[in-house]
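First the structure, in the form of structure tokens, and then the observations on it.
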Amino acid sequence: MPKIVFKILILVVLFLGTWLVLEQVNWMKIFKVKKLTDETEQKLGQLFLKIFTERETMIVDKSVISVVNDIQQKICTANNINSSDIIVHVVEKNEVNAFAIPGGHIIVYAGLLKESKTASAFSGVLAHEMAHQELNHVMKKLVKEVGLSVLLSLATGSGGSELASQVAQILSSSAFDRKLEKEADMKAVQYLENASINSADLADFLYSVAEKESGMTPYLIWLSTHPDSKQRAKYILDNIKTSSIQYKSPVTEERWKSLQSSLED
């Protein structure tokens, strides 16, 4: 009997000791660390966005922006993503490129919109970049390639403009590793299926641009930052669920053609 009482006392002491230790943990401090990370990402996003907007001409034509925003909104709504967390910017540049930067910003070049034969094809590329944002791939990439200390120095304004420009270049012209690319592709397929947008159009886009890889010209930047297009197209098609989904374009064909016409003018 004394042994049982002794064991119970030990358990009580251990419980009280654990409780006291947990009471001493500064949970608010831990929360502020997370808050600091979010604030750092937002500051980096504003910094890199400023660099890109100063270098490039941003498209503000409503016939273009409204279509892009409506597609983004459709994907967000279907996947319970806060649409205000994703901001798409269109650059007047004929290169085929799109990339994500910190703070929920996605840069899309006009060349990509022109190269996308359908609104669904563009939706696939946009969903892919949105997936990079939602899966926190952008910050993972930057921490891995430039280091946390460099990012913190840029966020606090002590990193210098030349360093900031170099990091911005990494965002626009270097690839994610294969694991992250595949994660983004699979998440994009999920986003599209939920929005009743045919993921096969993304695969078709990848097959289309893959045909140009052998004689790749500088304007096809998205190929160099998103390699193995044919392989990616194949596993995207393999992961499309067979279902009774009635696929439809995220915007009318008329609006998509109007967008492309506006870009050609």
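The values are calculated or read from the model by the stated rules, or taken from the named source; none is laboratory data. Here the structure is a predicted model, which is why all the values come from computation and not from measurement. Ideal geometry is used to build each Cβ from the backbone, glycine not excepted, and the neighbour counts take in all protein chains shown. Heavy atoms of the whole protein, side chains included, go into the accessibility calculation; ligands, DNA and RNA do not. Shrake-Rupley method; radii C 1.70, N 1.55, O 1.52, S 1.80 Å.
When residues of region 69-87 are filtered for being in a helix (DSSP H, G or I) and among the aliphatic types (A, V, I, L, M), how many remain?
First pass over region 69-87, keeping only residues in a helix (DSSP H, G or I): 69-78, 83-85.
Now restrict to residues that are among the aliphatic types (A, V, I, L, M): 71, 75, 78.
Total satisfying the criteria: 3.
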Quiz item: Has region 184-198 got any residue that is farther than 21 Å from ILE86 by Cα and modelled with pLDDT of 80 or more?
Solution: yes
Exercise. Output the residues belonging to region 173-190 that are open to solvent by less than 20 Å² (accessible area, probe 1.4 Å) and either touching a Pro at 6+ places or on another chain (Cβ under 9 Å) or under 22 Å from GLY111 (Cα atoms) (or both).
Key: GLU181, ALA184, ASP185, ALA188
Quiz item: Can you tell me which of GLU145, GLU162, GLU193 is open to solvent by 10 Å² or more (accessible area, probe 1.4 Å) and more than 21 Å from the chain's Cα centre (by Cα)?
Solution: GLU162
Practice problem: Kindly indicate whether LYS234 is modelled with pLDDT of 70 or more, among the basic types (Lys, Arg) and within 21 Å of VAL67 (Cβ to Cβ). | Solution: no
Exercise. Test each condition in (1) buried (at least 20 other Cβ atoms within 10 Å of the Cβ); (2) within 26 Å of LYS50 (Cα to Cα); (3) small (Gly, Ala, Ser) for SER199 and report the one that comes out false.
Key: (2)
Self-check item: helices (runs of 4 or more DSSP H) enclosed by region 88-187 - at least 1 residues per element that are within 17 Å of PHE205 (Cα to Cα)
Solution: 110-115, 119-134
Self-check item: Residue list for region 70-86, filter: open to solvent by 60 Å² or more (accessible area, probe 1.4 Å) and either small (Gly, Ala, Ser) or in contact with a strand residue (DSSP E or B) (Cβ under 9 Å, 6 or more places away or on another chain) (or both)
Solution: SER84
